[in-house]
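Notes to accompany the following structure.
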Amino acid sequence: MNLKITNVLDKIIDSDDTTVGGGSASALSGAMAAGMIAMVAKLSKKKPVNFTVEQYDAIAAECDALSAQLQQGCIDDTAAYCMIVDAFRLPKGTEEEKAARSAAVQKAAIRAAEVPLANARLNARVRELGAMLRGNSNPACLSDLTSALYLAEGGVKDCVLNIQANLGMIKDPAEQAKMKDAMLELLLQVICY
């Protein structure tokens, strides 16, 4: 699969396309949030408010990198969903085919939970960087910063929902427990900001 972010965006907004959903959208919301937070940091360094130019530059650079990672995460989420679809299409006529199909479904389900987990962590970092700019940025950018914080927070929550949606397919109790612990940790991070 050789998707670009624009392909995924087109699929997200096409209500007739069922190959892309909330996981990709939540990664994209984080990418947008990171881009806006980087913009706020860059605009703020023209008239610094409590931070040095170097601090604004560091926030902007990290957010630009996070935006790129989340754009890739958007594509990765689409690919993970396609892995699940492909696994369920495998034949199940013989015991060997059933075993191979079951193993493929497990592998795909774990991947489909790991991708939004990674994207949730990236979204959480974007939100953390944005929160650092509250009261320390150009006041004219407050609406942009607030919008970015909402997008990143929503991205974390939506990624957690995606992890939860895939948990039912994961049969390994240790893998399920690991994912549940990570989901709780991420939600607590968002609540505690």
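The values are calculated or read from the model by the stated rules, or taken from the named source; none is laboratory data. Only a predicted model underlies this, so the values are computations on that prediction, with no experimental measurement involved. Quick reminder, even Gly has a Cβ in these numbers, built from the backbone with ideal geometry, and neighbours come from all protein chains shown. Note: accessible area is taken over every heavy atom of the protein model, side chains too, but ligands, DNA and RNA are not part of it. Shrake-Rupley method; radii C 1.70, N 1.55, O 1.52, S 1.80 Å.
Within region 166-182, the set of residues being free of Cβ contacts under 8 Å to residues at least 24 places away in the same chain and either of a type in the set (A, V, I, L, M) or over 30 Å from Ala104 (Cα atoms) (or both) comprises Ala174, Ala177.
Which condition from (1) farther than 16 Å from Leu66 by Cβ; (2) of a type in the set (Val, Ile, Thr); (3) touching a Leu at 6+ places or on another chain (Cβ under 9 Å) is the one that Ile191 breaks? Checking Ile191 against (1) farther than 16 Å from Leu66 by Cβ; (2) of a type in the set (Val, Ile, Thr); (3) touching a Leu at 6+ places or on another chain (Cβ under 9 Å), the one that fails is (3).
Please tell me if Leu149 is assigned to a helix (DSSP H, G or I) and in contact (Cβ under 8 Å) with a residue 24 or more places away in the chain.
Working: assigned to a helix (DSSP H, G or I): yes; in contact (Cβ under 8 Å) with a residue 24 or more places away in the chain: yes.
In short, yes.
Asn50 meets all of the listed conditions (1) at negative phi; (2) out of contact with any Pro (no Cβ under 6 Å at 6 or more places or on another chain); (3) not aliphatic (A, V, I, L, M) but one, namely (1). Selection of region 1-32 for residues being closer than 15 Å to Gly73 by Cβ, in a loop (DSSP other than H, G, I, E, B) and not β-branched (Val, Ile, Thr) yields Met1, Leu3, Lys4, Gly21.
Matching residues to (1) modelled with pLDDT under 95; (2) open to solvent by 70 Å² or more (accessible area, probe 1.4 Å):
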{"site": "Glu96", "(1), (2)": "no, yes"}
{"site": "Ala103", "(1), (2)": "no, no"}
{"site": "Ala124", "(1), (2)": "no, no"}
{"site": "Leu133", "(1), (2)": "no, no"}
{"site": "Leu151", "(1), (2)": "no, no"}
{"site": "Asn166", "(1), (2)": "yes, no"}
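Considering Ala34, Ala58, the condition of being of a type in the set (A, V, I, L, M, F, W, C) and free of Cβ contacts under 8 Å to residues at least 60 places away in the same chain is satisfied by Ala58 alone.
Name every residue in region 46-94 that is hydroxyl-bearing (Ser, Thr, Tyr) and either in a loop (DSSP other than H, G, I, E, B) or open to solvent by less than 70 Å² (accessible area, probe 1.4 Å) (or both), in order of residue number. It would help to see each step written out before you state the result.
We begin by selecting, within region 46-94, every residue hydroxyl-bearing (Ser, Thr, Tyr); these are 52, 56, 67, 78, 81, 94.
Residues satisfying the conditions are Thr52, Tyr56, Ser67, Thr78, Thr94.
Take Ile59 and tell me if it is modelled with pLDDT under 95, out of contact with any Asp or Glu (no Cβ under 9 Å at 6 or more places or on another chain) and under 20 Å from Ser147 (Cβ atoms). Against the criterion (modelled with pLDDT under 95, out of contact with any Asp or Glu (no Cβ under 9 Å at 6 or more places or on another chain) and under 20 Å from Ser147 (Cβ atoms)), Ile59 does not qualify. Across region 168-190, the number of residues qualifying as in a helix (DSSP H, G or I) and open to solvent by less than 90 Å² (accessible area, probe 1.4 Å) comes to 12. From the list Ser15, Ser24, the lone residue that is at pLDDT below 95, over 25 Å from Tyr56 (Cβ atoms), open to solvent by less than 70 Å² (accessible area, probe 1.4 Å) and among the hydroxyl-bearing types (Ser, Thr, Tyr) is Ser24. Looking for whichever is out of contact with any helix residue (DSSP H, G or I) (no Cβ under 6 Å at 6 or more places or on another chain), within 18 Å of Cys159 (Cα to Cα) and aliphatic (A, V, I, L, M) here; the options are Ala68, Ala99, Ala103, Ala34. Which one fits? From the options Ala68, Ala99, Ala103, Ala34, the qualifying one is Ala68.
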